[in-house]
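The values are calculated or read from the model by the stated rules, or taken from the named source; none is laboratory data. Please read all numbers here as calculations on a predicted model, not as lab measurements. Cβ placement follows ideal geometry from the backbone for every residue including glycine, while neighbour counts extend to all protein chains displayed. Side chains included, ligands, DNA and RNA excluded: accessible areas come from the protein's heavy atoms. Shrake-Rupley method; radii C 1.70, N 1.55, O 1.52, S 1.80 Å.
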Amino acid sequence: MRVRASNGLGVIDYDGFYCKRTTTDVDLPAIDCDKAICVSLRYEDKLVDGSEACVQCALLYTTTDGERRIRVHTMALPVTSTLGNVFRASDLEAQTLDLIRRSSAKLLAGNCSLLAARELSLNATVNTLYAYRKFCATNNSTGQLILPEGLKVLPLYTLGLHKSLGLRSDASADDRATWLLLGACATAAAAVPSVYPRNFPIHRLPIAATPGESPPRFPPLPKTTWLSGEKLEQDGIYLLEDGREMSVWVGKQASAPLLRDVFGVDHADHIASTTAHIPRIENASNASVNEMVNCMRKMRSSYMRTRIYRRGDIGEHSFYQRLIEDRSAAGMSYVEFLCHVHRLIQNKFQ
């Protein structure tokens, strides 16, 4: 595979799983729709404002039938001299994937510590927000943290990266290796949930209005809630999904009717600690939950094992580790991290 760019742009490097025998090409043993490679470009000459710059990816491959083919993808990008336009068109997930990819590559190469990997992503985030503050929001007070519209939660995703299994100091070697291998080749849609999972309050799911009516169809998926223990209702049930597995948290005060509908039990204590799936029961609430679970598995092209935690279980800490907006042994709370990022940006103005 080779990536080319039009005049004024050049390819610096590739990030992903590949073998690089020349400076311009990368060799791939196999590739499918669930893999992605990041390509870094640089400015080599002046670009004309209002024109278009093109990036082209050419892949020479052999099909399963032994046919040699070339697949070419070309993308035209508008050129602008206004930095604000670049920030308005920024892609949050692509930016986050680049942070994940760089951290994974550094750690897999063995030339970077966990602390250095966290500093790498933090510096990239601070530099991005500093550039926006300096060149696009000069009329605002320096005492405010100014965030571009398209990257408002970039600090939150960076904090999630620091608390992910790949960069946590207390993660097991197996969990870290699995996370790093995923981060080195996955698409943005698959990798971003590993740093900021989705938490669904399934006790609020819509259900069939009348007996015998089909359960609601997904997608679209219901709204998520913040990844904070303060947002967990003790009488609720939550399903947290990070792209690899699903964790169901059952509040201690969940009502008997809700538990009967979803799990077929009258009290949370009656849910066995070894339960690893949501049972199928003939009622509207259970059908709605299982329909949503099946939808997420199809979207991820993965079965995604399920773990169920009751409030007070020994293994409950695995669920709380993913609530990255709270302060924990892995790092600051989201508010504290925002203040930290703000201070680093202000220091650049001094």
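Could you work out how far helix 173-183 tilts from the main Cα principal axis of the chain, as a 0 to 90 degree angle to the nearest 10?
On a 0 to 90 degree scale, this one is about 60.
Can you bin region 184-316 into rounded, prolate or oblate? Criterion: square roots of the alpha carbon gyration tensor eigenvalues sorted a ≥ b ≥ c, rounded for a/c under 1.5, prolate for a/b above b/c, oblate for the rest.
Here region 184-316 falls in the oblate category.
What is the gain in length, in nm to one decimal, between N294 and A272 on full extension, counting 0.36 nm per residue of separation less the C-alpha to C-alpha distance?
5.7 nm
If you scale each eigenvalue of the Cα gyration tensor by 5 and take the root, what three semi-axes come out for region 44-163, rounded to whole angstrom and sorted largest first?
Equivalent ellipsoid of region 44-163: 32, 25, 12 Å, largest first.
Along the positive direction of the dipole of the chain (beta-carbon charges: Lys, Arg +1; Asp, Glu -1; about the Cα centre), which of S113, A177, S247 reaches farthest?
S113
Can you send over the carbon and sulfur percentage of the accessible area for the chain, probe radius 1.4 Å, protein chains only? Write out the running numbers ahead of the final one.
Working: 9840 of 19000 Å².
Carbon-and-sulfur percentage of accessible area, whole number: 52.
Bin all alpha-carbon pair distances of region 247-350 at 10 Å intervals from 0 and give each bin's fraction as a whole percent.
13, 32, 27, 16, 9, 4, 0
Compute the relative contact order of the chain as a whole-number percentage, counting only Cα pairs closer than 8 Å that sit 6 or more residues apart in sequence.
14 percent
Can you give the relative contact order of region 240-286 as a percent, counting alpha carbon pairs under 8 Å and 6+ residues apart? Could you put the intermediate results ahead of the total?
On the way: 40 pairs, mean separation 13.8, N = 47.
Relative contact order, region 240-286: 29 percent.
Would you mind checking region 305-320 for residues with the amide N under 19 Å from a putative spin-label position 7 Å along Cα→C-beta of Q253?
Counting only backbone N, you get 310-313.
Looking at the chain, send over the antiparallel percent of its DSSP beta bridges, to the nearest 5.
Approximately 85 percent, going by the DSSP bridge assignments.
Calculate, axis by axis, the spread of Cα positions in the chain along the three principal axes, and write the results as whole Å, longest axis first.
Computed over the chain, the largest-to-smallest principal extents equal 69, 62, 42 Å.
Work out the length of the dipole vector of region 1-70 about its Cα centre, built from +1 on the beta-carbon of each Lys and Arg and -1 on the beta-carbon of each Asp and Glu, and round it to the nearest 20 debye. Display every interim value, and only then the final one.
On the way: 9 positive and 12 negative charges, 42 e Å.
Taking the Cα centre of region 1-70 as origin, the dipole is about 200 debye.
Taking 30 Å as R0, compute the FRET efficiency from the Cβ-Cβ separation of S113 and L28 and round it to 0.05.
The pair S113/L28 has a calculated efficiency of 0.55.
Given contacts defined as C-alpha pairs under 8 Å and at least six residues apart, what's the relative contact order of region 184-291, whole-number percent?
Averaging sequence separation for qualifying contacts and normalising by length gives 28 percent for region 184-291.
Obtain the nm distance between the two label points defined at V153 and D91 by a simple spin-label model: each point lies 7 Å from its Cα along the Cα-to-C-beta direction.
Going from the V153 label point to the D91 one covers 1.8 nm.
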